[in-house]
Amino acid sequence: MCKCFQYSVFSGRMTPCMALNELILPEGSPASAFLVGWTLPGENSAWTIEDSLDELSELARTDGLVETGRAYQRLSAVNPAMLLGHGKLDEIRQQAASCSAGTVIFDGELEPSQQKNLENFFGDNFQVLDRTALILDIFARHARTREGQLQVQLAQYQYRLPRLTRMWTHLARQAGGRRGGVGLRGPGETQLEIDRRRIRTKIAHLKKEIAQVSLHREQQREKRRRNNIPVIAIVGYTNAGKSTLLNRLSDAGVLAENRLFSTLDPTTRRVKLPSGRMVLFSDTVGLIKKLPHDLVAAFRATFEEIREADLVLHCADVMHPQAHIQREIVEKELDSSFEGHRRVMLVWNKADALCENARSTIHPVDGQFLVSAKTGEGIPGLLAGIESALSDIQVPVELLIPYDQGALLSALYTTGTIGKISEEENGTRVSGFVPQDLLERIGKYRV
C-alpha cells in the first residue's frame, strides 16, 4: 500500500556535529522523507503498522524532515538481501520520486548488508536511513551536556562501524557535491581501514570516558544514600510529559516541547514535599518502541538512575490513542533493561485534555494517579501518594535526644533526614525522617 501527501517544503535545522573534528562533513538534510514499513506474522496487532509509521513520521518531524509519502507491505518472511521484494522496492522508488522525497526511511533497524544493498538500489538521488539512524540523529541534536554527547557518540560509532563499506565512499562523493544529510551527522572519510581503526580507537576512548561518568554518578548516589535523601525517577514513553511534570513538581525550568525526545540529558531537582521531607526528582530520557540496543547500552550510566531510584514515577499520556500499548512498552523495558523495579507508581498525565465523558470512564486503581502537569490538577494527590510510598523507606518522627546520647544523634544525621533541630533543657529536640530499622533504637525518645 502506498500513498502520497502534499506538504510545504522547508529547510532542515542545522546543529553542531558530535563527532571527531577530522571526520565531520558539512551538515544539511533533504527536507522531505518517504516512509517504509512492514509487518510479519505474529506481530502485535494492537500496535498497527499505521501506528508505527505515524510514530516514525513524528520522529522525522523532530529531526527536521517532512513526510511526503509512505508505503508498507505485509511479509510472510524478510528478504535477507534487501528486506522487501524487488518489485515492491521498485514501486517504492517510483512513489518516492513522484512525491519529491529526498530521503527514504525504513521503520526498523536494517542489517548492514541490507543497508548497503538498498543504497545501491535507490542510488545517489535518495538517502536511505533506518529508524535507528534517525533516532541517533535526534539524540545528536538534543544532547547538550558532556555526558549526553559522549553517550550519543558511542552509540553512533557502534552503529556505523559495521556499515562503513559503502557508506564511507558514498559520503566521500557527497562531500564534493551535495551536503551530507540526516543520520550522517558524524564521521566520514575515504580510506576504509583507516576509518575502521579510528572508529575502534574512538569507541575505546569513549567507553573509558563514560566509565568515568558512571563512577562519578555512583559517587553521587553513594552521597545521597549517606544523606538518606530519597530519589524518585520519572520515566515514561517519549513525549508523555515527563519534563512538564518535573517542572510542575519542582519549578526546574526544564525544556518541555511537544516533540519526541525534546529532553535528553537527565535533570535532577531537590524538592520539599508537603510534610517537609526533602527528595530528589530525576527526569530521564524517554523510552520508545524499537529503542536501539546500542543506545540503551551507551546510555547505561544515565539509566542507572532508574535502577537505583527509591521510587519510580511512570508518566503515561492518557490522551494517546495507544496509551496502554505505550505503557506496556515502558514496563517491558523496565523489566528487561533495568531488571524490574518494585516501587513503581503509574501517573496518567494530560488530564486537562480529557472531555467529561472520557473522564467518567477512567478510574485509577491503587498506585495510579490522574494528573495534569500543565494545570496542576491531581498534583496534591500525587504528592500524598509519594509520601505514602516513601513511608516504607523513612518514617516521620519527633524526638528528644538526651545530651549523653550523642552517638544516637550522630546516627540520625547519618541515616535519617533532619528537618528541624533545637536545644532544650533536657536534650536536643529533633524532627525529621528515619529508616524503619532505626525506630527500635529511638522509640523511647519519641515525643
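The values are calculated or read from the model by the stated rules, or taken from the named source; none is laboratory data. Predicted, not measured: the structure shown is a model, and the values here were computed from it. Please note: Cβ atoms are built from the backbone with ideal geometry, for glycine as well, and neighbour counts cover all protein chains shown.
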Give the residues of segment 100-123 that are in contact with a helix residue (DSSP H, G or I) (Cβ under 7 Å, 6 or more places away or on another chain) and among the charged types (D, E, K, R), sorted by residue number. ASP107, GLU109, LYS116, GLU119
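Taking the stated definitions as given, is LEU56 more than 29 Å from VAL152 (Cβ to Cβ) and either in contact with a Pro (Cβ under 9 Å, 6 or more places away or on another chain) or not charged (D, E, K, R) (or both)?
Details: more than 29 Å from VAL152 (Cβ to Cβ): no; either in contact with a Pro (Cβ under 9 Å, 6 or more places away or on another chain) or not charged (D, E, K, R) (or both): yes.
It is false that LEU56 is more than 29 Å from VAL152 (Cβ to Cβ) and either in contact with a Pro (Cβ under 9 Å, 6 or more places away or on another chain) or not charged (D, E, K, R) (or both).
Yes/no per residue for (1) outside the structural domain of GLY236 (by TED's automatic domain parsing); (2) within 26 Å of the chain's Cα centre (by Cα); (3) aromatic (Phe, Trp, Tyr); (4) more than 24 Å from ARG327 (Cα to Cα):
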position	(1), (2), (3), (4)
LEU346	no, yes, no, no
LEU382	no, yes, no, no
SER410	yes, no, no, yes
SER422	yes, no, no, yes
GLY427	yes, no, no, yes
PHE433	yes, no, yes, yes
Please count how many residues of segment 36-77 are assigned to a loop (DSSP other than H, G, I, E, B), surrounded by fewer than 16 Cβ atoms within 10 Å (Cβ to Cβ) and in contact (Cβ under 8 Å) with a residue 40 or more places away in the chain. 2
Within segment 38-59, is there a residue that is farther than 20 Å from ASP124 by Cα, within 25 Å of the chain's Cα centre (by Cα) and aromatic (Phe, Trp, Tyr)? yes
For LEU390, are the conditions met, namely being more than 17 Å from VAL279 (Cα to Cα) and under 46 Å from the mean Cα position of the chain (by Cα)? no
Looking at segment 399-408, can you tell me whether even one residue there is surrounded by fewer than 17 Cβ atoms within 10 Å (Cβ to Cβ), within 21 Å of LEU249 (Cα to Cα) and of a type in the set (Gly, Ala, Ser)? no
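With the condition being closer than 18 Å to LEU246 by Cβ, I'd like the strands (runs of 3 or more DSSP E) fully within segment 318-427 carrying at least 3 qualifying residues. Before you say what the answer is, go through the steps one by one.
Numbers: elements: 344-349, 368-370, 394-401, 417-424.
Correct list: 344-349.
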